[in-house]
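Working notes for the structure below.
Taken together, the values in this text are just the output of simple stated rules run on the coordinates, not laboratory data. Every value quoted in this text rests on a predicted model; they were computed, and no experiment measured them. No Cβ is skipped: glycine too gets one built from the backbone with ideal geometry, and neighbour counts run over all protein chains shown.
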Amino acid sequence: MKEKPSPNLSTDIFSVLKERIIHWEYAPGHRFTEEGLCIEFGVSRSPVREVLRMLVENQLVEKTPHKGYSVKQLDMKAIHELYDVRIALETYVIERLTQSGYPEKEWRKLYRSWQGLRKATLENKVDFAKLDENFHEMLASWTGNQTLLQQIRFIDERLHFIRMTDITSTDRLYITCEQHLKILECIKEKNVECARKALQLNIEDGRKNVEHAIKEALARIYFSPQTSDK
């Protein structure tokens with residue numbers, strides 16, 4: 001009888017590899033082999049095959065005839081396309097919230113949170129990249145459109161390494177806080193044009209760091225002594 005992969009086991013291994021790929025811990029084109037993954041995770045081939053299928057399905061890995069599985073890293077064009085889609089999706093979010101309303105209690109909580117962050121410093125050891133993602137995902141959740149929220153989360157995962165190199169100074173943190181507060185204020189005022197401009201300025205400021213982020217990520221990969229051990 002053919003062995004069935006354990007759903008939890010496959011999901012756990014998938015989560016580990018997904019995090020590594022998203023954080024650029026593998027060089028572009030890094031090859032995965034069933035044997036290598038079986039040895040690393042101490043499992044049989046059955047769950048490994050399921051993991052590789054999941055990675056391909058999530059567009060993190062590509063399968064090439066006669067070459068096997070390799071990491072599908074984003075290039076500059078693909079990353080800029082993700083930013084374009086971000087703007088389109090999140091502009092829709094803003095328009096929905098200004099026209100159809102929002103949960104006032106959650107709005108106040110989010111507003112106070114980002115007011116407080118204006119006084120924070122980079123020494124606080126806070127994951128500002130994640131906080132930035134949570135802000136935009138929270139706005140999307142207020143629309144009640146789960147498909148929309150899932151798409152924004154997918155894009156956020158793929159761009160996480162860029163956000164990690166975005167808020168790297170107290171000044172940049174302060175500007176981000178001001179931009180987020182402005183977005184919230186425009187939503188409260190039901191001023192769609194104001195909200196749209198504030199949102200797009202916020203996203204475009206993050207886009208400016210794309211090229212620097214990629215160079216830094218690639219340098220980390222190719223010059224890290226641990227890369228070959230993955």
- Query: For the chain, what number results from the quotient of the Cα radius of gyration and 2.2 N^0.38 Å?
  - Reply: 1.16
- With point charges of +1 on the Cβ of Lys and Arg and -1 on the Cβ of Asp and Glu, referenced to the Cα centre of the stretch 7-73, which listed residue (LEU55, THR11, VAL43) lies farthest in the positive direction of the dipole? LEU55
- Message: With the crude spin-label approximation of a point 7 Å out along Cα→Cβ, what separation in nm comes out for TYR111 versus CYS38?
- Response: 6.0 nm
- Note on the structure: Extension length gain for LEU218 and LYS67 (0.36 nm per residue less Cα distance), in nm, is 52.1 nm
- Can you tell me the order of 36-46, 199-209 when each peptide is scored by its average per-residue count of other Cβ atoms within 10 angstrom, highest first? 199-209, 36-46
- Message: How high is the relative contact order of the chain? Use alpha-carbon pairs under 8 Å, at least six apart in sequence, and give a whole percent.
- Response: 25 percent
- Task: Estimate the FRET efficiency between ARG118 and GLN59 by the formula 1/(1 + (r/R0)^6), using the beta-carbon distance for r and 41 Å for R0, to the nearest 0.05.
- Result: 0.65
- With label points set 7 Å from each Cα along the Cα-to-Cβ direction at MET76 and GLN151, the distance between them in nm comes to 2.7 nm
- Between the Cα axis of helix 128-141 and the main Cα principal axis of the chain, the angle (0 to 90°, nearest 10) is 70 degrees
- Query: If eta is 1.567 mPa s and T is 4 °C, what Stokes-Einstein diffusion coefficient results for the stretch 7-73, Kirkwood Rh from Cα pairs, in µm²/s?
  - Reply: 110 µm²/s
- Round to the nearest 10 and give me the degree value, 0 to 90, for the angle of helix 146-164's Cα axis relative to the longest principal axis of the chain. 80 degrees
